[in-house]
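Asks: I'd like to ask some things about the structure below.
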Amino acid sequence: MGNTAVVVGGGIGGLAAAIGLHRIGWDVTILERSPVLEDAGAGISLAANGLRALDELGVGGAVRDASRGQYTGGTRTPRGGRLTRMDGSALEKAVGTPIMGIPRSTLHRLLREHLPAGSLEVDTEVTAVEQVGPGTVRVDCGTTALEADLVVAADGIGSAVRSRVLPGHPGPVYSGSTVLRAITEHAVDVRADFELTWGRGAEFGHIAFLDGRAEWHAVLSLPAGTRFADPLTELRRRFRTWHDPVLALLDATRPEAVLHHDVNELRAPLPAYTVGRIALLGDAAHAMTPNLGQGACQALEDAVTLAAALGAESTVETALARYDAERRPRSQAVAGAARQAGRMGQRLSHPLAVTLRNTAMRLTPSRAATRMILRHHVWVPPSLN
Ligand code: FAD
C-alpha cells in the first residue's frame, strides 16, 4: 500500500492524526489555513479515553504533566446547592486517571512538538479535494496541488471536504445555545478543580489549571447570532446572584480575552466516515455539543483508530472500512448522548422540570453518578506498535 497522506486542518484532530500516521511510517503533510498558530481557545477537559489515545500517540505523558486533575467539584444550583459531587479519585481508581484540565494552547503546542519536522504548512487553505485515480487523491490549495494515497479531512465542523464528498448531508445546525468563555488573567481561588452550575436556560462552569488560572464558560439559550457590546458586563448582570466564584472569575478576566461562539452540531449523523481514499475525522465527522466534554476526546480516538487500522490492514480500502466500522457507531452514540445531556442540563428551563431534575440528581448515589460519567470514558486504544 502507498503511504503518503495529506491531513486537511491542524486542529486537535488533524495534529493527532498526523502523529498517528507518522508513527506507523507514513509521510504526512498537514495543511492548515490559519496563517498563525495562535491557538485561540480557552481550556479543555480530557477524559480517560482521550488521554489513552494521547498515550498511544506518545504525547500522553507531556499532556498529563501540563494538566490539572479534576478531583474536586461537581454540579451546583445557582445558589450553590450541591447536585452531584465530582469524585476524581473514584474515576482514577476505575480508569487510571481523573479528568484533566489543560489550556488549549498548551495541548496544541504539545501536539505540534510531536509532529515530524516540516510536516505542518500554515496559511494554506485547501480549496478542493478529488479522487483522481483508484489510489490517488488530489488536494488543491490555491495555486498549488498535492497528490496523496490518503486524505484525512480534519477541517472541523464547517468541513469543506465533507460538503464536497457527502453533498447530500445537511451540514451543521445551531444547537440552541451560545457560549462565552475565557481564561482568567491571573490565579483565582476557585475552591474546586471543576464546577458546573445549572440555572434555567443558563450554565456557568470552570476548569482550574495547574498554574491557578482557570477557564470559565457561560452557556446561554439564546437565538443564534446574539452578541453583546460588552460581554463581561452582560454576564455580570445575568449571573449577579450566582454563587462564588462566578463573579470572581468574571472579574479576573480581561475583556479582550472573552470568546463568543454559537454552539453548532452535526445533528444528522453522517452515512459514512470514508469516501474512496478520503477519511473524515474529528468535528468534520461528528461535531457534537460540548455537554459531555467529549468532542476532542473522540477526535483523538479517531486518530489512533485510523492509524492502527492502516498499520494493521493490507490495503488502504480495508483499513478505511475498518475505521468507519469502528468509529461511526461509537462517536455518533457519544454525540447523541451529549445532545441529551444538554437537554437535561442548561437547556432545561421549565421550573417544574428543573426541580424534578435537581431532585433526581441529589438522590443519585455518588457511585451511580461516577458510573454514568465513566460510560464514555472507558475505551481501550488499538496498538500502534
Ligand atoms: P477544529 O478544532 O475545528 O480544527 C479544524 C482545523 O481545520 C482548524 O485549525 C481550521 O483552521 C482548519 N481548516 C478548516 N478548513 C480548512 C481548509 N479548507 N484548509 C485548511 N485548513 C482548514 N472537547 C473535549 O474533548 N473536551 C472539552 O472539554 C471540550 N470543550 C468544549 C467546549 C466548547 C465550548 C466547544 C465548542 C467544544 C468543546 N470540545 C471539547 C470539543 C472540541 O473543541 C472539538 O471537538 C475539537 O476541538 C475538534 O477538533 P478538530 O481538529 O476536529 O476541529
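Asks: Across segment 32-46, what is the total count of residues that are crowded, with 23+ Cβ neighbours inside 10 Å and either without any contact (Cβ under 8 Å) to a residue 12 or more places away in the chain or more than 7 Å from the ligand (Cβ to nearest atom) (or both)?
Replies: Going through segment 32-46 one residue at a time, the tally reaches 1.
Asks: Another question about this same structure. Suppose the filter is over 12 Å from residue 44 (Cα atoms), surrounded by fewer than 19 Cβ atoms within 10 Å (Cβ to Cβ), in contact with a strand residue (DSSP E or B) (Cβ under 6 Å, 6 or more places away or on another chain) and not acidic (Asp, Glu); does residue 109 pass it?
Replies: Answer is no for this residue.
Asks: Filter segment 173-225 for residues that are of a type in the set (Val, Ile, Thr) and part of a loop (DSSP other than H, G, I, E, B) and give the result.
Replies: 184, 188, 190
Asks: Here is a further query. Can you name every residue in segment 236-266 that is within 15 Å of the ligand (Cβ to nearest atom) and either closer than 22 Å to residue 80 by Cβ or of a type outside the set (Val, Ile, Thr) (or both)?
Replies: Across segment 236-266, the qualifying residues are 257, 259, 260, 261, 262, 264, 265, 266.
Asks: Still on this model: Of all residues in segment 101-143 being polar (S, T, N, Q) and part of a loop (DSSP other than H, G, I, E, B), which is farthest from residue 299 (Cα to Cα)?
Replies: Per the criteria, the residue is 143.
Asks: Among the residues of segment 157-177, which ones are more than 10 Å from the ligand (Cβ to nearest atom) and over 18 Å from residue 130 (Cα atoms)?
Replies: Residues satisfying the conditions are 170, 171, 172, 173, 174, 176.
Asks: If only one of 72, 29, 4 is over 30 Å from residue 136 (Cβ atoms), among the hydroxyl-bearing types (Ser, Thr, Tyr) and in contact (Cβ under 8 Å) with a residue 24 or more places away in the chain, which one is it?
Replies: 72
Asks: If you don't mind, there's one more thing I want to ask. Looking at segment 8-31 only, could you name the residues that are assigned to a loop (DSSP other than H, G, I, E, B), within 11 Å of the ligand (Cβ to nearest atom) and either aliphatic (A, V, I, L, M) or within 12 Å of residue 108 (Cβ to Cβ) (or both)?
Replies: Result: 10, 11.
Asks: From 354, 334, 304, grab the single residue that is within 16 Å of the ligand (Cβ to nearest atom), part of a helix (DSSP H, G or I) and closer than 27 Å to residue 201 by Cβ.
Replies: 334
Asks: Would you mind finding the one in 25, 9 that is on the phi > 0 side of the Ramachandran plot and surrounded by 24 or more Cβ atoms within 10 Å (Cβ to Cβ)?
Replies: 9
Asks: Let me confirm something: among 199, 156, 142, which residue is at pLDDT below 95, out of contact with any Lys or Arg (no Cβ under 8 Å at 6 or more places or on another chain) and buried (at least 17 other Cβ atoms within 10 Å of the Cβ)?
Replies: One residue alone meets the criteria, 199.
Asks: Would you mention how many residues in segment 267-288 are near the ligand (Cβ under 8 Å from one of its atoms) and assigned to a loop (DSSP other than H, G, I, E, B)?
Replies: Residues in segment 267-288 being near the ligand (Cβ under 8 Å from one of its atoms) and assigned to a loop (DSSP other than H, G, I, E, B): 4 in total.
Asks: Would segment 115-122 turn up any residue that is small (Gly, Ala, Ser), within 16 Å of the ligand (Cβ to nearest atom) and within 30 Å of residue 385 (Cα to Cα)?
Replies: Scanning segment 115-122 turns up at least one residue that is small (Gly, Ala, Ser), within 16 Å of the ligand (Cβ to nearest atom) and within 30 Å of residue 385 (Cα to Cα).
Asks: Given the structure, is residue 61 in a strand (DSSP E or B), over 30 Å from residue 351 (Cα atoms) and at pLDDT 95 or above?
Replies: The answer is no for residue 61.
Asks: Now a separate question. Can you work out which of the residues in segment 68-90 that are touching a Ser or Thr at 6+ places or on another chain (Cβ under 8 Å) and of a type in the set (S, T, N, Q) is surrounded by the most Cβ atoms within 10 Å (Cβ to Cβ)?
Replies: 70
The values are calculated or read from the model by the stated rules, or taken from the named source; none is laboratory data. Predicted model, so just to flag it, every value in this text is computed and none were measured. Ideal geometry is used to build each Cβ from the backbone, glycine not excepted, and the neighbour counts take in all protein chains shown.
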